[in-house]
Amino acid sequence: MAVLDPNPPEAGLPSPDPLRGPPSPAEGGGFFAAAVALLFTILLSPARADPTTATLAPFLDAVAACAGRPDLTLAVVGVEPGQTALSREQAEEVRLAIESRLQASGRVRLAAAADVVRIKALREGTTGLSGAEAEAQIRQAFTGDASVFLVEPRRAGETAALRLQAITRSAACKATSEPVIVPIRVGAGVSDVDAVMEGAVKALGQAAPNASAVEVCPFVAEGGHSSCAGVLTDRLLIALDAEARSANRVLKGARLDVRRRPPGTACTGPLTARGRFLTDRDRQGSLQSFMEVEFQRDGAVLAPTGRRRIGLDGLGCDPTPRPFLDHLAATARTDGGRLTVAPTATPFSAGQRLELRIESRARQSLYCWIVAPDETAFVALPVRDNPASLDPLKPGEARRYPRGYGLDEIVAGEPFENLFSCFGIEGGLPPELAARWLAVAPGANSEAKLLPPPDVLDLLEKIRATPGVTEATARIVVR
């Protein structure tokens, strides 16, 4: 086995003869002296300076000059909430990284400004806090020689560049650092959805400060339908509602009415909010998500965000764009333990009798319709003036549509593809929805009325929002 020579000849130290063993103290004193000298040189050499800490030194000197003291207590507040360069998770990572680098300088103590909510929750959950004690803790958390804000964040690949800006407690002096580079973890998204929404609403306030009402059009998913479009519409409504309730508006008495337009309807009004949801695949084939928001007044575009890549973590939606029938089936609130629907043949052939089996495993009233790819539909069940179709299904009961409901047979003709979809709910739909449904249902001597897309989308949204509703879908295909 080879032995690593600790004193190679190029180090300038005598090498012992392996046949004679180690030199005696008398003949090898120079060797031991050189080794000891080398060891002390290594131990006493100054550690290599962290380049980031060195970059922060002029900044800390300037803050110390502002504060009038060399030992500093700083409160690192972080980036402003409305920025969109970093997601909220990335912004928190950057704040913690800057805190670590300030501590590594050996010149700074940190105040808990950004962590005051955690402190408050911890104390309240263990010892309990009075109002005065909570206020005192919050004030103490912000006590320091200066507050440090992370400004002008710019993201490039897996790094973020920003500046530190310190403002003293009296706001009489400030200091700004040179750009600091911090590594960040790159996830599925670049911009935080809520931050983009908040930024768009803030820009609207600057572009139209006297706006008193805004109509929010449902987001449109490019290339099909996606549940993320509805979720993004909800997030924009939340951002606008926060603006309507903001202290600035309340104090000024500047009312802002926020109204959501029903899906599938024309979005008109003096001021409208419009959004698009888009997807694309990167070079590795991974699906990326994007969004755009803009406000329009009298045909003029206000406060556009442009195309922003976003992360969907935590939104609970499926970004995949789908044709309408696929989207309807994919987003259905299905529960096979309560309700199932299945065709008796897949596909049906021309001239064959169309039939579906409906099976219930719970007591529930049934509301079924047939939906076409063009987003139109007509009600299939229940049938007006037909008591058997209005009776709730019992647990374990199965019926065939249409014969099991006393309806005429349906014979397959030309090729088509529709979706047979049923809603089941114990006790039936709320009276208003039930009345709307029955008003367009078939009667004993009348056909069902064709529902246009706006009515289909509106009924779908309202019925799915009914507590306890269950769905079951089946594709009707004629070849």
Residue tally, condition modelled with pLDDT under 55 and surrounded by 17 or more Cβ atoms within 10 Å (Cβ to Cβ), over segment 88-119: 1
Identify the residue in segment 210-224 that is of a type in the set (A, V, I, L, M) and touching a residue at least 60 places away in the same chain (Cβ under 8 Å) and, among all such residues, is surrounded by the most Cβ atoms within 10 Å (Cβ to Cβ). 214
Any hit, segment 374-382, residues being acidic (Asp, Glu) and more than 25 Å from residue 229 (Cβ to Cβ): no
I'd like to verify a number: residues in segment 239-282 that are more than 28 Å from residue 451 (Cβ to Cβ), modelled with pLDDT of 90 or more and open to solvent by 80 Å² or more (accessible area, probe 1.4 Å), how many? 0
For segment 328-350, which residues satisfy the criterion of being surrounded by 15 or more Cβ atoms within 10 Å (Cβ to Cβ) and of a type in the set (Val, Ile, Thr)? 331, 334, 340, 341
Of 414, 432, the only residue that is open to solvent by 40 Å² or more (accessible area, probe 1.4 Å) and over 27 Å from residue 362 (Cβ atoms) is 414
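Among the residues of segment 45-82, what is the count of those that are modelled with pLDDT of 75 or more and not basic (Lys, Arg)? Spell out the reasoning first.
Just the residues of segment 45-82 that are modelled with pLDDT of 75 or more, to begin with: 55-80.
Then keep just the ones that are not basic (Lys, Arg); that gives 55-68, 70-80.
Residues in segment 45-82 being modelled with pLDDT of 75 or more and not basic (Lys, Arg): 25 in total.
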Filtering segment 296-316 down to residues that are touching a residue at least 60 places away in the same chain (Cβ under 8 Å) and not in a loop (DSSP other than H, G, I, E, B), which residue is least open to solvent (accessible area, probe 1.4 Å)? 310
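Yes/no per residue for (1) in a loop (DSSP other than H, G, I, E, B); (2) modelled with pLDDT under 95; (3) under 31 Å from the mean Cα position of the chain (by Cα):
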residue	(1), (2), (3)
332	yes, yes, yes
336	yes, yes, yes
340	no, no, no
346	yes, yes, no
350	yes, yes, no
362	yes, yes, no
370	no, no, no
373	yes, no, yes
384	yes, yes, no
Looking at 138, 184, which one is hydrophobic (A, V, I, L, M, F, W, C), modelled with pLDDT under 90 and open to solvent by less than 30 Å² (accessible area, probe 1.4 Å)? 184
Output the strands (runs of 3 or more DSSP E) that fall wholly within segment 392-478 and possess 3 or more residues being touching a residue at least 60 places away in the same chain (Cβ under 8 Å) and of a type outside the set (S, T, N, Q), or say none. 416-425, 470-478
Being small (Gly, Ala, Ser) and in contact with a strand residue (DSSP E or B) (Cβ under 7 Å, 6 or more places away or on another chain) is the filter; apply it to segment 351-372 and report the residue that is least open to solvent (accessible area, probe 1.4 Å). 360
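One line per residue, one yes/no per condition, for (1) within 19 Å of residue 428 (Cα to Cα); (2) among the acidic types (Asp, Glu); (3) in contact with an Asp or Glu (Cβ under 6 Å, 6 or more places away or on another chain):
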residue: 337; (1), (2), (3): yes, no, no
residue: 341; (1), (2), (3): yes, no, no
residue: 345; (1), (2), (3): no, no, no
residue: 359; (1), (2), (3): yes, yes, no
residue: 365; (1), (2), (3): yes, no, no
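The values are calculated or read from the model by the stated rules, or taken from the named source; none is laboratory data. Just so you know, these numbers come straight off a predicted model, no measurement behind them. Positions of Cβ are backbone-derived with ideal geometry, glycine not excepted, and every protein chain shown enters the neighbour counts. Side chains included, ligands, DNA and RNA excluded: accessible areas come from the protein's heavy atoms. Shrake-Rupley method; radii C 1.70, N 1.55, O 1.52, S 1.80 Å.
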